[in-house]
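The values are calculated or read from the model by the stated rules, or taken from the named source; none is laboratory data. No experiment lies behind these values; they were computed from the predicted model shown. Here Cβ is always computed from backbone atoms with ideal geometry, including for glycine, and neighbour counts include all displayed protein chains. Heavy atoms of the whole protein, side chains included, go into the accessibility calculation; ligands, DNA and RNA do not. Shrake-Rupley method; radii C 1.70, N 1.55, O 1.52, S 1.80 Å.
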Amino acid sequence: KLANYESMTESEKKAVILELSAFELIDALHRIIPAQIPEPTEAMRALEPVKLPVRSDVFGEVRRTSDRINQPVTLNVQEAFMTYMKVSFIAGIVIASPWIFYQLWLFVAAGLYPHERKYVHTYLPMSIGLFLGGVVFCFYAVLPVVLDFLLGFNARINLTPQIRISEWINFAVLLPIMFGVSFQLPLVMLFLERIGIVDVATYASQWRMAVVIIFVVSAILTPADPYSLLFLAVPLCLLYFGGLAIC
């Protein structure tokens, strides 16, 4: 709606289209000037409605006001700037994620034996791919469904949401980051198995407990709606069994 409004000319912003019944329009004119406008006949009721474009500064102000209702709001003077900085910071993390993960794996490698350090070069591409895959999956598959459910719920109970910009950004930006981090599960499983902390038999025997833990953690990390919980928990369960198969 904002894009449509911004693309309008000033004349279009001040215009509305009035649709009137042809019969009622002629009848009203007949009442005002009966000598010039004859009384409408019953056959005129079947005529198409008459569309009249009307322009006024008042209509333009009403259009601007109604359009702003659907936009996020700020509640203090610094909120917009701090939100902009937060988005820039998180976007920087996503863009720089290959280097960040490389440094993290180098930090882990410092505490490993020489024969274990070779795993860093194997895990690094997998780690980056899983992280970016989780972010993209959340942004394009999860957010549209979750937002449709949450905003649709407001509409079903006749509520008009007024979304605070900082809360909207926290939801729309941090949720993909959490998905990206959570998608590291099979890599963590493989790493723990390779260094001997957990064996394959333990992964296989404790899969029921793992599923319960995944659903509990997903409920904590996601908003209070069933869709985002399932969208995180179900892929993590599949990634758990995928990690088990890799191990």
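Specify the residue with the greatest mean-square fluctuation among GLN71, GLN36, GLN103, computed from a Gaussian network of the chain linking alpha-carbon atoms under 10 Å apart.
Looking only at GLN71, GLN36, GLN103, the biggest GNM fluctuation is shown by GLN36.
Take the chain, connect every pair of alpha-carbon atoms lying under 10 Å apart with a spring to form a Gaussian network, then pick out the residue of VAL145, VAL62, VAL50 with the largest mean-square fluctuation.
For the chain, modelled as a Gaussian network with Cα springs under 10 Å, the answer is VAL50.
Scan around VAL73 for amide H atoms under 5 Å from its own, H built in the peptide plane at 1.01 Å from N, and keep only partners 5 or more places away or cross-chain.
HN-HN under 5 Å from VAL73: ILE163, ARG164, ILE165.
Could you check how much of the accessible area of segment 48-112 is carbon and sulfur, as a whole percent, using a 1.4 Å probe?
Percent of accessible area from carbon and sulfur atoms in segment 48-112: 70.
When all protein chains stay in place, what accessible area (Å², nearest 10, 1.4 Å probe) is found for ARG208?
Rounded to the nearest 10, that gives 150 Å².
Per residue, how many Å² of accessible area does the chain show with a 1.4 Å probe?
65 Å²
Which value, in Å² rounded to 10, gives the accessible area of LEU244 with a 1.4 Å probe and all protein chains present?
40 Å²
Using DSSP H assignments, which helices in the chain have an axial alpha-carbon span of 27 Å or above and a mean Kyte-Doolittle hydropathy of 0.0 or higher?
Passing helices, by number: 118-137, 226-246.
Rounded to the nearest 20 Debye, what is the dipole magnitude of segment 95-247 about its Cα centre when Lys and Arg each give +1 and Asp and Glu each give -1 at the C-beta?
Dipole size: approximately 100 debye.
Tell me which label goes with the value of P(r) over Cα pairs in 5 Å bins from 0, in percent computed from the coordinates here: [x] 1, 6, 12, 16, 18, 16, 11, 8, 5, 4, 2, 1, 0, 0; [y] 1, 6, 13, 17, 20, 18, 13, 8, 2, 0, 0; [z] 1, 5, 9, 10, 11, 11, 9, 7, 6, 6, 5, 4, 4, 3, 3, 2, 2, 1, 1, 0, 0, 0.
[z]
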